[in-house]
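K.L.:
My questions all concern the structure below.
The values are calculated or read from the model by the stated rules, or taken from the named source; none is laboratory data. Model, not experiment: these values are computed from the prediction. All Cβ positions, even for glycine, are placed from backbone atoms using ideal geometry, and neighbour counts span all protein chains on display. These area figures cover heavy atoms from the full protein model, side chains too; ligands, DNA and RNA do not enter into them. Shrake-Rupley method; radii C 1.70, N 1.55, O 1.52, S 1.80 Å.
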Amino acid sequence: MTKKILFLLALLPSVLFAQHTIKGTFSPAEEFKFAFLYHVTVETSIFVTNADVAEDGTFEMKLSEDAVPGTYRIVYAQPQDQYNFDFIVNNKEDIELKFDLETGLTFDKSGENKLYSSYNRSLDLINKSIRNFYNSGKEDTSGYSKIFNILENTQQEFEKASKGMIVNTFIKAKRPYVPETFEDVPTFSSHIKSNYFKNIDFGNETLQNSNFLIKTVLDYVIGFIDPNNANASYTENVDTVVKAIGENPKIKSILLEILWNQFAVEENEVVANYIGSNYLLDIARANNDNELINRITYFKNASIGNTAPDFEFEIKDEDEKTKTSRLSALDGSNNYLIFFWSTTCSHCLKEIPLLKDFIKTKTKEEIQVVAIALDDDKYRWKNMTYDYPDFIHVFGEGKWDNPIGYQYNVSGTPSYFILDANKKIISKPYDIGAFKKELNSLIKANKPGLYPERKQ
């Protein structure tokens, strides 16, 4: 009896603390070289382990016995925020998966992930039936009720099957809206929108430690829009999201920053500045997040319609004497171009001669150019300025670490800012061709820009 007990005790650690593995196959195999595994948390992704991808596309990773259950992410290329996929690790089972660049992610082994995949496929098929019903123009209430009975039963069955699993939290959060009686398309769409966050608990840690809340919020804000007034829809949707989040300051900060970044990257200044001014800036100040405060402020200050941020530079007067002046002090032109460039930027070196030739065809009253070189080599810059005598030249020492570049929220060169006579930003053309077209339109219209008021 004693030997038997000792034998069982010897087996116990391996039973309780057995390591589990993640095995995968990438396709096409030649497109993949490595796989990095991260544990997703509310604020970041924590590196866990990595593996090389074999010539046949396979890889294998071992999980430690104390791996935290939750959402995990495999990154398979750079940049990692684009080339990745998520799945659930409960540390109770081995996982075998396949990832194909065309068909996506499938699971050969893993109860949780196979169940979640099956749930999402089922919902997709039922939603397709709902779309087909509405597209048919029928008002067959019995057929309509049948589809939504299937939807309700499917949801209940998956909630029951996933009880006790991590995936149960996600399935319950995705519970779809089911109408009680027949609804036309506008009514049905309106009710989907008004019930969108009904089953989502923004304070739930399982949802927070995944991409679920991020994806859900982005889908809502970007998906429910009136194409005739998109920005008004976006801002209204942002307000709804903030209300739905409630008193969850950390997740509110994270989600609003993601939304702000989304619209900032897309250069939708109206919505980005709405999020920043109405919500995110106050949160950043409360968190003493100076970096975020500056990003929001610089983006807003460099937005179309605002007075261009002022700065000093050296200029020669009529007697060829060097003096200090400011952008705000420039006069005599209907428009000004702030042109950010660099002596090591290949695109800049292609466009600046074209800019020079174009400016030669215009009068000083029509346009003046202030060329700001975000650079490190002052001597190289100085030598190049002699080739462009019609420009006002400014050396932006420090390259990207330069206060003028910060104030104009410049993230790449060349960058163009067209100002009117009062130094208001009226346009930000994306290249020399767009600049030429926009300036010619301004001149042809015989007005200083979108803001015709002049200095008195």
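K.L.:
Whose amide H sits under 5 Å from the amide H of ASN306, counting only residues 5 or more places off or on another chain, with H placed in the peptide plane?
P.N.:
ILE425
K.L.:
Continuing with the same structure: So, R0 is 35 Å and r is the distance between the beta-carbons of LYS360 and SER325; what FRET efficiency does that work out to, to 0.05? Walk me through the numbers on the way to the answer.
P.N.:
Values: r = 23 Å, r/R0 = 0.67.
About 0.90, to the nearest 0.05.
K.L.:
Once neighbouring chains are kept in place and the probe is 1.4 Å, which whole percent of the accessible area of the chain is contributed by carbon and sulfur?
P.N.:
Details: 12490 of 25420 Å².
Here carbon and sulfur together make up 49 percent of the probe-accessible area.
K.L.:
What's the extension gain from ASN228 to ILE214 if we count 0.36 nm per residue and subtract their Cα-Cα distance? Please list the in-between numbers first.
P.N.:
Values: separation 14, 0.36 × 14 = 5.04 nm, distance 2.59 nm.
Here the segment from ASN228 to ILE214 would lengthen by 2.4 nm.
K.L.:
Rounded if a/c is under 1.5, else prolate if a/b beats b/c, else oblate: with a ≥ b ≥ c from the C-alpha gyration tensor eigenvalues square-rooted, which is region 91-174? Can you show the working numbers first?
P.N.:
Working: a/c = 3.97, a/b = 1.74, b/c = 2.29.
Oblate, because a/c is 1.5 or more while a/b does not exceed b/c.
K.L.:
While we're looking at this one, here's another question. To the nearest 10 degrees, how steeply does helix 230-245 sit against the main Cα axis of the chain, on a 0 to 90 scale?
P.N.:
Relative to the chain, helix 230-245 is tipped by roughly 50 degrees.
K.L.:
Calculate, in nm to one decimal, what ASP124 and THR58 gain on full extension: separation in residues at 0.36 nm each, minus their alpha carbon distance.
P.N.:
Here the segment from ASP124 to THR58 would lengthen by 20.8 nm.
K.L.:
Excluding ligands, DNA and RNA, what is the solvent-accessible area per residue of the chain at a probe of 1.4 Å, expressed in Å²?
P.N.:
On the way: 25420 Å² over 456 residues.
Roughly 56 Å² per residue, with all protein chains present.
K.L.:
Distance check, please: which entries in LYS193/LYS300; LYS138/LYS243; LYS360/LYS424; LYS198/LYS250 exceed 32 angstrom between their Cα atoms? Intermediate results must be reported in sequence, preceding the final value.
P.N.:
Details: LYS193/LYS300 30 Å; LYS138/LYS243 37 Å; LYS360/LYS424 24 Å; LYS198/LYS250 20 Å.
Result: LYS138/LYS243 exceed 32 Å.
K.L.:
On to the next question. Go ahead and estimate [θ] at 222 nm for the chain from helices alone: -39,500 (n - 2.57) per DSSP H run with n ≥ 4, summed, over the residue count, rounded to 500.
P.N.:
One gets -13000 deg cm²/dmol as the mean residue ellipticity at 222 nm.
K.L.:
Next up: Can you find, among ILE130, VAL167, HIS191, the residue farthest towards the positive end of the dipole of region 97-211? Put +1 on the C-beta of Lys and Arg, -1 on that of Asp and Glu.
P.N.:
VAL167
K.L.:
So, taking all protein chains as they sit and a 1.4 Å probe, how much accessible area belongs to LYS138, in Å² rounded to tens?
P.N.:
Using a 1.4 Å probe on the heavy atoms, I get roughly 130 Å².
K.L.:
Dipole magnitude of the chain about its Cα centre, charges +1 at Lys/Arg Cβ and -1 at Asp/Glu Cβ only, in debye to the nearest 20?
P.N.:
Working: 51 positive and 64 negative charges, 93 e Å.
Magnitude of the dipole: close to 440 debye.
K.L.:
OK, next. Spelling out what I want: for every residue of region 135-144, take phi, set θ = phi - 60°, compute 6.51 cos²θ - 1.76 cosθ + 1.60 (Karplus), and round to whole Hz; glycine and proline get x.
P.N.:
5, 6, x, 6, 10, 6, 5, 5, x, 4
K.L.:
Next up: Just checking my list (1) -0.42, -0.94, -1.03; (2) -0.42, -1.05, -1.13; (3) -0.51, -1.04, -1.15 against log10 I(q)/I(0) by the Debye sum over Cα atoms at q = 0.06, 0.11, 0.12 Å⁻¹ computed from this structure; which label fits?
P.N.:
Read-out taken from this structure: (2).
K.L.:
Please give the length that would be gained between ASP201 and TYR177 if that part of the chain were fully extended, namely 0.36 nm times their separation in residues minus their C-alpha to C-alpha distance (nm, one decimal). List each step's numbers first, then the result.
P.N.:
Numbers: separation 24, 0.36 × 24 = 8.64 nm, distance 1.62 nm.
Full-extension gain reported as 7.0 nm.
K.L.:
Can you tell me which lysines have their Cα less than 19 Å from the Cα of LYS114? Leave out same-chain residues fewer than eight positions away.
P.N.:
LYS23, LYS92, LYS98, LYS160, LYS163, LYS172, LYS174
K.L.:
Using amide H atoms built in the peptide plane, which far-off residues or other-chain residues are under 5 Å from ASN50 H to H?
P.N.:
Excluding prolines and chain starts, which carry no amide H, the hits are LEU37.
K.L.:
At a Förster radius of 25 Å, what calculated FRET efficiency corresponds to the Cβ-Cβ distance of SER190 and ASN278, to the nearest 0.05? Show your work: numbers first, answer last.
P.N.:
Working: r = 25 Å, r/R0 = 0.99.
Plugging the Cβ-Cβ distance into 1/(1 + (r/R0)^6) gives 0.50.
K.L.:
Can you give the accessible area of LEU281 in Å² (nearest 10), computed on protein heavy atoms with a 1.4 Å probe?
P.N.:
LEU281 has an accessible surface of roughly 30 Å² with all protein chains in place.
K.L.:
Largest first, what is the accessible-area ranking of GLU55, GLU366, GLU205 with a 1.4 Å probe?
P.N.:
GLU55, GLU205, GLU366
K.L.:
A follow-up question, please. What ranking, highest mean first, results for peptides 122-128, 306-312 when packing means the other Cβ atoms within 10 Å averaged over each residue? Numbers along the way, then the final one.
P.N.:
Values: 122-128: 13.4, 306-312: 16.3.
Packing order, densest peptide first, comes out as 306-312, 122-128.
K.L.:
Given the options TYR379, PHE224, ASN402, identify the residue whose Cα lies farthest towards the positive end of the charge dipole of the chain (+1 on Cβ of Lys, Arg; -1 on Cβ of Asp, Glu).
P.N.:
Projecting each Cα onto the dipole axis, the largest value belongs to PHE224.
K.L.:
Amide H of PHE85 versus every other amide H placed in the peptide plane: which residues, excluding those fewer than 5 positions away on the same chain, fall under 5 Å?
P.N.:
ILE74
K.L.:
If you don't mind, there's one more thing I want to ask. Sticking to Cα atoms, compute the Rg of region 27-158 to one decimal and its Dmax as the biggest Cα-Cα distance, whole number, in Å.
P.N.:
For region 27-158, the Cα-based Rg and Dmax read 19.0, 56 Å.
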